[in-house]
Amino acid sequence: LSRRYELLQRIQSNGLRAMAYVLARRGGDDSTYFDCVIGNRLTFEALRKYKDAPEPVIDYIESQSLAEQCHCRIFYTQRSELAERIAGFHLRIIAQKNWPSFLACMPLLGERMALTTSFCLKNGPEQDRSSHTTDKGFLDEFWHTTAPLVLLSLYATEEELEQACIDQETFLSTMKVSEGIYDASNPERCTEGGREAHSIRA
Amino acid sequence: MSSTIFDYTYRIHLNAIEAMREPALNALHARNTPYWDAQRARLSKLAIDLYGRSMPRLVRHFLENHIKDEVKHAAHVHDRDPIADQVFSLFEKCLREHGLVSYFSLILMEERRALAQAILEPDANDPHEGPAETLDEFYHASTPTILIPLLNPSIDVIVQAVRDQEAFFKLLEVPVPKSPWGPYFIGDEEQVIER
């Protein structure tokens, strides 16, 4: 049991590491185009491939697919070569690996990077390129970046979790996300880059 | 894993997402302040005091990180908030009487509500307004989803956790959601570009 949860914790930490990387750069390249070619296209592919996945996993991917169709229509943005390359990575995962690798890499890494970008864009001049700066987009994206943890906890085998970690780390390496950028065991972590204690009203 | 356990575990997750949107988001005009963070630090310390000897290492690790983060967030100037006192009195009762699964189920709601307030209702005094604190809050608002299954709850324990979440909705004076997030969100399209 504990090995499974060590792997789940690693999947969770990899996702946080990807988010910290985006925060450190004050945003990424996420746009509505990413929802179309990554979210929308890949969830269709995943549904085609993972017909034998547990029913709640299929329900989740179907729901994510509906959300992505909605996000894809919120704003108009230009084609992104980066989005196409990332979609290519995830398509290879879908072709070669089982659903836990797909959930670990797409919603639990890529979607987390998109969510973090929306934190950086929100209320700024570029907010209308990311569907996740809207209330609904934010809530959907939070759901996509957390619900798969429950599904992996309950349905993935130890071997599948092991493979999912390896695939995540390949993605992080491809995206040049440095190691140890969000280390939950580092006691100084919460003080890094944070704001000083303050009160505007005081 | 029985499908009943899965259903309740997923329900806990969905209830916690419901806490991120109206009517729960701004219920009772209760806004997260550093005082709320201080209370969360106090309760996670209490959780270690009560159950530290028997809890799995990853659970303890999370609680220790949670305390450190919340102490940092609580360093900002703040006043006592009577609604926070009611909320955390409920949390403390559930932690003492029902254990860690109930506590994590409630923490998921509270942390997610605080994260959503920081993102959707920005306020200069919000301790989670900075990017690093936003990420801390995401960590607190997501990690318990894997810690609850790790605690391997019985049906009785997990049903109690859902009841405790419902008690939190009632305390906030909002209806317990009947059609949770997830597959049922269709129809919300009119909210798409509301900010």
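List of remarks:
- Selection count where residues are part of a helix (DSSP H, G or I), in contact with a Leu (Cβ under 9 Å, 6 or more places away or on another chain) and within 14 Å of chain A (Cβ to nearest Cβ), scope the stretch B:16-62: 6
Matching residues to (1) surrounded by fewer than 21 Cβ atoms within 10 Å (Cβ to Cβ); (2) more than 9 Å from chain A (Cβ to nearest Cβ); (3) of a type in the set (D, E, K, R):
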position	(1), (2), (3)
B:Asn65	no, no, no
B:Ser102	no, yes, no
B:Glu121	yes, yes, yes
B:Asp136	no, no, yes
B:Tyr139	no, no, no
B:Arg163	yes, yes, yes
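- Only one of the listed residues (B:Asp69, B:Asp37) is touching a Cys at 6+ places or on another chain (Cβ under 7 Å) and surrounded by 20 or more Cβ atoms within 10 Å (Cβ to Cβ). That residue is B:Asp69.
- Residue check for A:Ile38: over 19 Å from A:Ala114 (Cα atoms) and more than 9 Å from every other protein chain (Cβ to nearest Cβ): no
- Within the stretch B:9-21, one or more residues are surrounded by 18 or more Cβ atoms within 10 Å (Cβ to Cβ) and among the hydroxyl-bearing types (Ser, Thr, Tyr).
- Residue list for the stretch B:90-149, filter: over 22 Å from A:Asn14 (Cα atoms) and touching a Cys at 6+ places or on another chain (Cβ under 7 Å): B:Ser102, B:Tyr103, B:Leu106
- Members of the stretch A:106-156 that are facing another protein chain (nearest Cβ under 10 Å), under 12 Å from A:Thr32 (Cα atoms) and in a loop (DSSP other than H, G, I, E, B): A:Thr134
- Filter result for B:Val77 (surrounded by fewer than 19 Cβ atoms within 10 Å (Cβ to Cβ), modelled with pLDDT under 95 and away from chain A (no Cβ under 13 Å)): no
- A residue that is polar (S, T, N, Q) and assigned to a helix (DSSP H, G or I) cannot be found anywhere in the stretch A:72-94.
- Scoring A:Gln9 on the criteria (1) at pLDDT 95 or above; (2) closer than 28 Å to A:Ser178 by Cβ leaves a single failure, condition (1).
- Test: B:Asp85 is more than 9 Å from chain A (Cβ to nearest Cβ), within 23 Å of A:Ser2 (Cα to Cα) and either touching a Ser or Thr at 6+ places or on another chain (Cβ under 8 Å) or surrounded by fewer than 19 Cβ atoms within 10 Å (Cβ to Cβ) (or both): no
- Here B:Leu108 fulfils each of the conditions (1) in contact with a Pro (Cβ under 8 Å, 6 or more places away or on another chain); (2) part of a loop (DSSP other than H, G, I, E, B) apart from (2).
The values are calculated or read from the model by the stated rules, or taken from the named source; none is laboratory data. What you see is a predicted model, and the numbers here were worked out from it, not measured in a lab. Please note: Cβ atoms are built from the backbone with ideal geometry, for glycine as well, and neighbour counts cover all protein chains shown.
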